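One structure below.
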Amino acid sequence: MRRIPFIAWLAIFAAGSALAAEPVKVGISIAQSPPGSVVQGTQVKDGLEIVKDMVNAKGGVLGRPLELIYEDNQGIPEKGRAAAEKLITSDKVVAITGGHQSSVCLAEIEVAHRYHVPYINTNCWSDDIRLKGYPEVFNPGNYNSRVSMAMAETIAAMKLRNVVAFAENTDYGIGQAKLLDKFIKEKSPGTRYHYETLDRASKDFTPAVLALRANPPDMVINIMLPPAAYILMNQLYEQGVAPSAKTWLYDGAGLADYPDFWQNVKDAGKDMICFALYHPKMDIPPLGKQVAEEYKKRTKGDPNRLIFQAADSLLLIVDAIKEAKSTDPKAIEKALRTMTFTGTRGTFKFNEKKGNTYQQWADIPYVNYQLTAVNQPIADSNLIQGPGQKLDVSKLQKPK
């Protein structure tokens, strides 16, 4: 009988011990059913699963396998609060992540704060989350002030005189619409601006759209998430309001790189200007390229911002555990606050100053691009502003 070398026995024993070790449990609260943004929840889950598999393939964290425990919050604050409570008290997770709708995050962080458990905010943009100043909450994703400032600067550069925004009736939508008003007054004081709040559960926005036909604005801005955002876009297009020769359509919600975007909007998406947090022409670290390749292999599709944001959310927890050499929530929190992190999108350290950038990646990179054809891949879109660059208005193509 062939003998197995002693060193091989050690490797087998170590691998077996790692598998037998108690897992490090991380709680994930996402929307997996309506009325929440299921498409967002799916993308977040995809990014998290890729990182979990990468970490476990290398022996886990501190010699223990990484386990993700999912709860469906349905995009409803009360469900999110209950999910966070269960994950912390019953499942004994060391941290929570995955949040991608602001009203839900605002409910969940109250629970995380009460139990002093780290909460990594994946994609909740509302500034109110940062303004709470909770030491348990960390924000590697985008925030409303960043978007509203960028949109106001775009409006000023385009010299627009009359702008209308449609915002969903959530903390995210209303908060961003109000911030946009503030920044337009600063950056483009000659621009008339108003916003209208729409019910995200509605399937008909025709009355609001028809009101613009008699006096079309220079630009309509979307501040809504799918599926409501898709319905609004189609009705704006069907009524000839935007995009049109008179009126630009600007998306401030990061819709265009969702995998179901084109199948839901078709001609309504052509000529739209997009604020975005990812473009294939952006430089990303090797880790980001590795995650992108794995996503393509698993889904046959191109990654979007949510894949990278979700990946970084879980990587932050893993790196903090390694930095602290502990799975104790307070030790993880301390490590998150002090460490410099290099993830899939770049290198940053959380801002310590209280306010709308508290424990936030303050200078998170963004781009503006224009879609110029139906079913156009983002890589082929018209990039009019790269990260850290000024908007090049001359590149914009007016709808016919």
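The values are calculated or read from the model by the stated rules, or taken from the named source; none is laboratory data. Being a predicted model, the structure only gives us computed values, none of them experimental. Note that we place each Cβ from the backbone using ideal geometry, even for glycine, and neighbour counts take in every protein chain shown.
Quick test for you: out of Ala228, Ala292, pick the one residue that is under 19 Å from Asn123 (Cα atoms), modelled with pLDDT of 95 or more and in contact with a Pro (Cβ under 7 Å, 6 or more places away or on another chain). Steps first, please.
Numbers: Ala228 fails: in contact with a Pro (Cβ under 7 Å, 6 or more places away or on another chain).
That would be Ala292, the only listed residue that is under 19 Å from Asn123 (Cα atoms), modelled with pLDDT of 95 or more and in contact with a Pro (Cβ under 7 Å, 6 or more places away or on another chain).
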### Query
Within region 147-164, how many residues turn out to be surrounded by 21 or more Cβ atoms within 10 Å (Cβ to Cβ) and among the polar types (S, T, N, Q)?
2
### Message
Being on the phi > 0 side of the Ramachandran plot and free of Cβ contacts under 8 Å to residues at least 40 places away in the same chain is true for just one of Lys159, Lys185. Which residue is that?
### Response
Lys159
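Check region 348-364 and report whether any residue there is in a loop (DSSP other than H, G, I, E, B), touching a strand residue (DSSP E or B) at 6+ places or on another chain (Cβ under 9 Å) and farther than 20 Å from Thr122 by Cβ.
Within region 348-364, none of the residues are in a loop (DSSP other than H, G, I, E, B), touching a strand residue (DSSP E or B) at 6+ places or on another chain (Cβ under 9 Å) and farther than 20 Å from Thr122 by Cβ.
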### Task
Could you tell me whether any residue of region 350-369 is in contact with a His (Cβ under 9 Å, 6 or more places away or on another chain), hydroxyl-bearing (Ser, Thr, Tyr) and either on the phi < 0 side of the Ramachandran plot or not assigned by TED's automatic domain parsing to the domain that holds Ala253 (or both)?
yes
### Task
Examine region 316-335 for a residue that is under 22 Å from Cys124 (Cα atoms), touching a residue at least 12 places away in the same chain (Cβ under 8 Å) and touching a Leu at 6+ places or on another chain (Cβ under 6 Å), and state whether such a residue exists.
yes
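Give Thr372, Thr340, Thr299 a once-over and let me know the one that is on the phi < 0 side of the Ramachandran plot, assigned by TED's automatic domain parsing to the domain that holds Asp271 and not aliphatic (A, V, I, L, M).
Details: Thr340 fails: assigned by TED's automatic domain parsing to the domain that holds Asp271; Thr299 fails: assigned by TED's automatic domain parsing to the domain that holds Asp271.
Exactly one residue qualifies, and that residue is Thr372.
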### Query
Identify, please: which residue in region 63-114 is in contact with a Ser or Thr (Cβ under 8 Å, 6 or more places away or on another chain), touching a residue at least 60 places away in the same chain (Cβ under 8 Å) and of a type in the set (A, V, I, L, M) and is, among those, surrounded by the most Cβ atoms within 10 Å (Cβ to Cβ)?
Ile96
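Would you check if Leu314 is in contact with a Lys or Arg (Cβ under 7 Å, 6 or more places away or on another chain), in the same structural domain as Gln40 (by TED's automatic domain parsing), not in a loop (DSSP other than H, G, I, E, B) and not β-branched (Val, Ile, Thr)? Can you show your working first?
Details: in contact with a Lys or Arg (Cβ under 7 Å, 6 or more places away or on another chain): yes; in the same structural domain as Gln40 (by TED's automatic domain parsing): yes; not in a loop (DSSP other than H, G, I, E, B): yes; not β-branched (Val, Ile, Thr): yes.
Against the criterion (in contact with a Lys or Arg (Cβ under 7 Å, 6 or more places away or on another chain), in the same structural domain as Gln40 (by TED's automatic domain parsing), not in a loop (DSSP other than H, G, I, E, B) and not β-branched (Val, Ile, Thr)), Leu314 qualifies.
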### Residue list for region 204-247, restricted to those being assigned to a loop (DSSP other than H, G, I, E, B) and small (Gly, Ala, Ser)
Ala211, Ala214, Gly240, Ala242, Ser244, Ala245
### Task
Scan region 131-145 for residues that are surrounded by fewer than 24 Cβ atoms within 10 Å (Cβ to Cβ) and part of a helix (DSSP H, G or I) and jot them down.
Leu131, Ser145
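Counting only residues that are among the acidic types (Asp, Glu) and under 18 Å from Gly41 (Cα atoms), how many does region 239-269 have? Working first, answer last.
Taking region 239-269 first, the residues among the acidic types (Asp, Glu) are 251, 257, 260, 267.
Checking which are under 18 Å from Gly41 (Cα atoms) leaves us with 257, 260.
Total meeting the criteria: 2.
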### Summary
Residues of region 109-150 being in contact with a strand residue (DSSP E or B) (Cβ under 7 Å, 6 or more places away or on another chain) and among the polar types (S, T, N, Q), in sequence order, are Asn121, Thr122, Asn139
### Query
Any idea which of (1) closer than 22 Å to Asn222 by Cα; (2) outside the structural domain of Pro377 (by TED's automatic domain parsing) is the one Ala256 doesn't satisfy?
(2)
## Note on the structure
For region 375-385 the number of residues that are crowded, with 18+ Cβ neighbours inside 10 Å and of a type outside the set (S, T, N, Q) is 3
### Query
Which condition number in (1) at negative phi; (2) modelled with pLDDT under 95; (3) not β-branched (Val, Ile, Thr) is the one that Gly254 fails?
(1)
### Task
Please work out which residue is farthest from the chain's Cα centre (by Cα), limiting yourself to region 165-192 and to residues that are surrounded by fewer than 22 Cβ atoms within 10 Å (Cβ to Cβ) and outside any helix (DSSP H, G or I).
Gly190
### Query
Of the residues Lys266, Lys281, Lys297, which is within 30 Å of Thr97 (Cα to Cα) and assigned to a helix (DSSP H, G or I)?
Lys297
### Query
Quick check: is even one residue across region 366-388 touching a residue at least 12 places away in the same chain (Cβ under 8 Å), out of contact with any Ser or Thr (no Cβ under 9 Å at 6 or more places or on another chain) and closer than 30 Å to His113 by Cβ?
yes
### Task
Taking the options Asn73, Asn56, Asn121, name whichever one is closer than 30 Å to Lys185 by Cβ and not β-branched (Val, Ile, Thr).
Asn121
